[in-house]
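The values are calculated or read from the model by the stated rules, or taken from the named source; none is laboratory data. All of these numbers come straight from a predicted model, not from anything done at the bench. Here Cβ is always computed from backbone atoms with ideal geometry, including for glycine, and neighbour counts include all displayed protein chains. Remember, those area values only see protein heavy atoms, side chains included, never the ligands or the DNA or RNA. Shrake-Rupley method; radii C 1.70, N 1.55, O 1.52, S 1.80 Å.
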Amino acid sequence: PMSWNLSVDDGTRTHQLSLGQAMQQGYNFLVDGHNLIFQVAFAATGVVSYKHNGKVLYTVALKLMYGPPEHRLTAQSRMLCAPGPAICNATHMTVAIPDFPGILMDVDVENKTIPMDQLQENGITLDTQRGVRLYISRGALKSRLPGQSCSGLQHYMSSLKLAFHFHGETVAMVMYPECPCEQHTPIAAVCTQDGYMDFEVLAESTTPVLDLDTLRLRDPVCRPAYKSPLKDKARFHVPLNGCGTRHWFDGEQIHYENEVRALWTDLPLGRISRDSELRLTVMCSFSNGDASLTIKVDNLSPPPSSVNQGSLSVVLLSYPEDSFRHPYRQDQFPIVRFLRQPIFLEAQVLNRNDPSLHLVLDDCWATASGEPTSLPQWNIVVDGCEYALDSYRTVFHPVGRGVSYANYRQRLEVKTFAFVSGDKAHPGLVYFHCSVLLCHRFHPDSPLCIPRCPRPSRSKRESGMAAVNSTVVSLGGPVLFVPEEWSAAQGNALLGKEAWAGIAMTAVGVVSLATVLLFLAFLKCLKRRAYVVNVVH
């Protein structure tokens, strides 16, 4: 009678196991649609480990076989896994792989292949003296904003794929390295109503005393606004929409965060330093109550123009649903949408509460790159109205009365699409942008301030009237549009990562539907023979 068998080669001997023996000795097999998933415990029979300085690499080579030798069906996989957290300091993340008989051939960062001779240009230094060590600059990492699991910042890399030449074949390993949570308490800063963050740094924050001339923000061009003559303190006056300041929403509050630092890596090449290093997170917050209590407009004369001539702070947000309750955070981009699924956008003015002013959409458009003026482009709003040449018209959503400062918000819904190259639509990243105006309800000085759709045939572009007073704002990150047939593949890919991350090696071997049916038939035979099998979830 034909049966399934597992063959595991550990380099010194080959272990031949029946399916029942394999499941008792650390192997598990799951069927997910058309996929057969191998799950191998680190302590399973035939798993080989390489260790150095507390780091471990596990590897196993297995074959799952069915039938007699002359008609044998074989599914095989060689697996690599190096679990454990990355090592991080103030400037770099270090990913260490113990020395083993493999040669690094390719490095992929977030699904982008980096040629081996260009690693340094992309912020990665490679050391192969003892095993493989990748020193990844913090500038090449992403950072999660404070949340429930980490009250400080946490730097990470979305995915790191390393391909090795190992025992005559190419074997890939995907990692998700992240730094430990930085639990330091942020500096409490003050958010001013004119759109700035104010805070102070003392020279005696470090030992030896900090050299205030070395202080930088996330954008190194930005420096302290004031340094005392005694060089004992520095004050910063940081724009909330500049100098690398980030923001996120928490209920009715909006939080702003930047980083002040003094690092040796910022010094010119060839210099030495005996000064202290410093890296601190700076945060301030706004709430609706703060804005309404501290801004006074009753003593101001009405503005002569409908467009505010000062600094206009506007954000473009995206929401998962039409309730417009909780926008996507910065760390959730890119947002994945299938073609023709809706995406909900909201333009919003910050730090204003004058009821006589209101926000008006000028134009909204999409691009294939992050630059608003790049080509190709596709219009979604033109002169404040839906784009007539789009068969899927933009839908404008009213802002309910229960929403605070409804006059400073504009909401719309767009059916997703893909840019076309030749005669084929390609899935990819799409970026959204809007130009907006701030208008006075009783003194409109622009035709765009008066809602009227459709517009007359002569638009502002045709008449030569430039929107000089408009402000351009972009969505905080791109949207990834994919065809609907991608959904099944994505669902399968999530299973191994979420269910066995950190405790087992997972490899997906795709086999034919016939193989799966044979496998299920064999499990039924096991049940009839009264075997007991424990399945680990």
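Observations, loosely collected:
- Peptides ranked, highest mean first, by Cβ atoms within 10 Å: ranges 167-180, 348-361: 348-361, 167-180
- Fully extended contour minus Cα-Cα distance, from His167 to Glu371, at 0.36 nm per residue: 68.9 nm
- For the range 376-405 versus the range 1-38, the gap between their alpha-carbon centres in whole angstrom: 56 Å
- Peptides 32-44, 227-239 ordered by packing proxy, namely the average of other Cβ atoms within 10 Å per residue, highest first: 32-44, 227-239.
- Fully extended contour minus Cα-Cα distance, from Leu429 to Ser159, at 0.36 nm per residue: 95.4 nm
- Counting only heavy atoms of the protein chains and using a 1.4 Å probe, Met157 has close to 10 Å² of accessible surface.
- For the pair Arg329 and Trp378 in one chain, pulling the backbone fully straight at 0.36 nm per residue adds 15.2 nm over the alpha carbon distance.
- Measuring between alpha carbons in the structure, the pairs from Lys63/Lys112; Lys55/Lys161; Lys112/Lys415; Lys142/Lys415; Lys142/Lys233 lying more than 26 angstrom apart are Lys63/Lys112; Lys112/Lys415; Lys142/Lys415; Lys142/Lys233.
- Sequence of Glu259, Glu70, Glu371 when ordered by accessible area, the most exposed leading, probe 1.4 angstrom: Glu70, Glu371, Glu259
- Working note: Karplus 6.51/-1.76/1.60 with θ = phi - 60° gives the range 166-172 the couplings 9, 6, x, 9, 8, 10, 9 Hz, where Gly and Pro are set to x.
- With both labels modelled 7 Å from their Cα along Cα-to-Cβ, the Asp117 to Arg452 distance reads 6.3 nm.
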